[in-house]
Amino acid sequence: MRFFKWLIKISGYLLYTLAILAFMLWYQFPAAAVKSRVEFELHRLTPDLQWKIGSIGLVLPVDFRLIDIKISTRSKQKEPLFIIKSLSLRPNLWAYLQDRKLSAGYRLGVLDGSVSGRLSLADDHDSLRYDGNAIGIKINGLKKTLQELDRTVSGTLSGSFTGKGMVRGPGVVELQGDVKLLKGTISFQEPVLGMKQLAFNQMSSKVEYTSGVIHLAGGRVESRLLAGEFSGTVKPAGSIAQSTLRLNGALIPRPEFLTGLNDGSAVNQLKKQLKGGKLPFTLSGTLKEPGIVFTGLPTDFNQRLQGGR
């Protein structure tokens, strides 16, 4: 009986000691040192970017949280390209105690939406697996990043994804997922079928990134004037504007679209090129200056329609 009394007393002292240590960790967390170290590692991994973290700390129960992360180029540009409002990491302590596996849940607050999921580090500590879900991302907030495209893009992004990354390498090396962009617009540098921009209700696609190329499959567009389908590739370059794309697809004009042309001969010519109600197209070139070709339509067809809207 005395043994159990000692055991209870010793356990109580140990728990008390652990509580004091935990209290000191939470309230005397070396935030400045950790913040400097994290910024240094981010600079090292992405030498063409500058990272500035507003604050870093610990939040109950076991979350590491970074607040106000500003990402900028190394030019003299005053405003950051991108701001992450918050990044929280919650280590999976149980998985580590059981299998010595390093994993964590994460959550980003960004562009009025969120991205959350899980990360797991491989045994060699060089690669990691991840998954996640994005909800309510307002891509209007990427104006600084997209300004070199010389066009406006808007909408609310959501989707799910899985992939693989390298800790000391090129970052993301594999990604698979489904993405959806709702209630948005894409402006054109030159009118396309008489339209200066495409206002859509929904745009969706399956996405796969591997060997440095983004593959799009099963793409769909739904708008008041037309529907569409597409698939193809996007090859990222050092500059987003110089990234190249090649898409094949078809547009499905709705009656509202044909009525808005105000050109009877153009409508007849367009209808003659429809195959099963679809107008095939190829989109290729750089993201800044892509070119679109509609099968069977004369090259001056777009110019004829510019006054039709």
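The values are calculated or read from the model by the stated rules, or taken from the named source; none is laboratory data. Quantities reported herein were computed from a predicted structural model and do not represent experimental measurements. Every residue, glycine among them, receives a Cβ derived from its backbone with ideal geometry; neighbour counts consider all protein chains shown. Only protein heavy atoms, including side chains, enter the accessible area calculation; ligands, DNA and RNA are left aside. Shrake-Rupley method; radii C 1.70, N 1.55, O 1.52, S 1.80 Å.
With label points built 7 Å along Cα→Cβ from the Cα atoms of Asp131 and Arg100, find their separation and express it in nm.
2.6 nm
For the stretch 72-159, give the magnitude of the charge dipole about the Cα centre (Cβ charges: +1 Lys/Arg, -1 Asp/Glu; no others), in debye to the nearest 20.
On the way: 14 positive and 9 negative charges, 77 e Å.
Taking the Cα centre of the stretch 72-159 as origin, the dipole is about 380 debye.
Modelled label-to-label distance, Ser55 and Ser160, 7 Å Cα→beta-carbon offset: nm?
Roughly 3.6 nm, to one decimal.
May I ask you to rank Met203, Met195 by accessible area, largest first, using a 1.4 Å probe over the protein chains only? Walk me through the numbers on the way to the answer.
On the way: Met203 40, Met195 15 Å².
These residues rank, largest area first, as Met203, Met195.
Find the accessible area per residue for the stretch 144-295; the probe is 1.4 Å, ligands and nucleic acids are left out, and the unit is Å². If you can, show how the numbers build up before the last one.
Working: 7940 Å² over 152 residues.
In whole numbers, the stretch 144-295 has 52 Å² accessible per residue.
Given a Förster distance of 22 Å, report the FRET efficiency between Gln189 and Asn262 from their Cβ-Cβ distance, rounded to the nearest 0.05.
Details: r = 23 Å, r/R0 = 1.04.
E between Gln189 and Asn262, to the nearest 0.05, is 0.45.
Check which residues have an amide H placed less than 5 Å from Val173's amide H, if you skip close sequence neighbours.
Correct list: Lys164, Gly165, Met166.
Just the number, please: carbon plus sulfur as a percent of the accessible area of the stretch 219-293, 1.4 Å probe, no ligands or DNA/RNA counted. Numbers along the way, then the final one.
On the way: 2050 of 3870 Å².
Using a 1.4 Å probe with all protein chains present, the stretch 219-293 comes out at 53 percent carbon and sulfur.
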